[in-house]
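Notes to accompany the following structure.
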Amino acid sequence: MAYNDQKNDLQLWLKSFFGLSFIAPYDVEDAFVELISTCPNIADGQLFSDYVLETTTNGAESFHRTYNAQFTSAHPLTFVVISTLMETQAETVTNLSTISKGKIKPKSKEELKKIEFVNKQHEEYLKNKTPENLLKL
């Protein structure tokens, strides 16, 4: 696997790819084009980018997939749909209430270090805002 091989150029390239999620949305397209142009193996990079572009999902699609998975038939009973909607609403209200009261699960030291690292990297990116600089490891 290229991602786990420390001596593989494709591994470094994949790490840069996953960094795209940390930049501003309006900069992603330029950074992606730059990233594709620097792929060490054009065939693998093309295959990977085709896969990613076809399978990317957003929050709404994720919710929809989870919601649909709660039904066992294509045409569930109205009662089942209403019950599922009520459960989803109750869970959402509970989560929002917990957050509004400031009761957020504390992050581990490891998570805090990762967040701090990402914030520092983002600040560096904003200082030297070019797609080429972001893609450097």
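Could you check the simple spin-label distance between F22 and Y51, using points 7 Å along Cα→Cβ, in nm with one decimal?
So the two model labels end up 2.3 nm from each other.
Hey, for a label at K129 modelled as a point 7 Å past Cα toward Cβ, could you say which residues of region 34-50 have their backbone N under 19 Å away?
34-35, by backbone N distance to the label point.
Between K103 and T78, take the C-beta separation as r, use R0 = 30 Å, and let me know the FRET efficiency to the nearest 0.05.
On the way: r = 35 Å, r/R0 = 1.18.
Calculated transfer efficiency: 0.30.
Each reported figure results from applying straightforward, stated rules to the coordinates on display, with no laboratory input. As the structure is a computational prediction, the values presented were derived from the model and not from experiment. Please note: Cβ atoms are built from the backbone with ideal geometry, for glycine as well, and neighbour counts cover all protein chains shown.
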